[in-house]
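To start, the structure under review is shown below, and the notes come after it.
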Amino acid sequence: MIAKYTIKIYGWRIHRFLYDWVLSWAYSPLGGYALFTLALAESSFFPIPPDVLLIALVLSHREKAFFFAFLCSFASIIGGIFGYYIGYELWYSGEDFSSIANFFFSYIPGFSIENFLATKKWFEQFSFWIVFTAGFTPVPYKIITISAGVTKIDFIMFIIASMISRSLRFFIVAGLIWKFGEQVKNLIEKKFNIISVLLVLLFIGGFAIIKYIL
């Protein structure tokens with residue numbers, strides 16, 4: 001009991017350390033490279049979302065807002081492909097989870113066997129919408145990219161859903177910071193996840209209505 005509690009506290013400390021470390025790159029001339037690397041890694045294993053650094057960089061260099069959004073989107077899609085590959089080729093060893101899978105379950109925040117199996121089940125029915133929703137909302141994208149590879153959903157469909165959702169998310173964040181600056185920063189940090197879920201629901205609802213009418 002004590003050991004489990006200690007691990008949770010230790011995990012929180014590491015997560016906070018990583019958060020502060022990510023933010024520190026906003027004041028470096030290598031900030032753009034750091035954003036690219038972070039967005040790429042977050043799509044497959046890294047726990048800190050790239051929005052954190054994207055917001056800080058756009059606040060510091062508003063004239064580069066949409067360049068940073070493109071950089072973040074492109075890297076996230078490439079990272080998603082890597083996550084897909086992990087699931088497709090490396091997730092199982094025979095009938096059992098591989099050592100890589102067990103490492104993710106043990107050490108990567110957001111991963112658990114229960115979450116993975118539930119996501120895998122949802123993929124059987126709603127593969128495109130699962131990728132799209134996770135790419136745009138606070139659902140950990142790495143769980144989705146790996147699960148997509150495990151279930152072997154259509155790769156082209158996976159890329160299209162990732163391109164649309166990740167680009168929408170990062171360009172909206174960058175656009176709001178570019179337009180309103182510091183005024184909207186706290187709103188994005190505290191409420192963007194809720195807003196993104198509502199937008200996805202409206203988006204899906206609109207498609208459902210069009211489909212029903214046609």
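FYI, it's all coordinate maths here, none of it is from the lab. Computed from a prediction, not measured in an experiment: that's the story for all the values here. Neighbour counts are summed over all protein chains in view; Cβ atoms, including those assigned to glycine, are modelled from backbone coordinates with ideal geometry.
Here are a few things to note about the model shown:
- Packing-based ranking, highest mean first, of 96-106, 146-156, 41-51 given that Cβ atoms within 10 Å are counted: 41-51, 146-156, 96-106
- Peptide ranges 72-80, 24-32 listed from the most packed, as the mean C-beta count within 10 angstrom indicates: 72-80, 24-32
- Panel order for Leu54, Leu176, Leu59, by other beta carbons found within 10 Å of each beta carbon, from fewest to most: Leu59, Leu176, Leu54.
- For the stretch 154-168, the residues whose amide N sits under 18 Å from a probe point set 7 Å from the Cα of Tyr88 along the beta carbon direction are 154-164.
- A Förster distance of 41 Å, applied to the separation of the beta-carbon atoms of Tyr27 and Ile164, puts the FRET efficiency at 0.80.
- Each residue, Asn102 and Gln125, gets one label point 7 Å from its Cα in the Cβ direction; the gap between the two is 3.3 nm.
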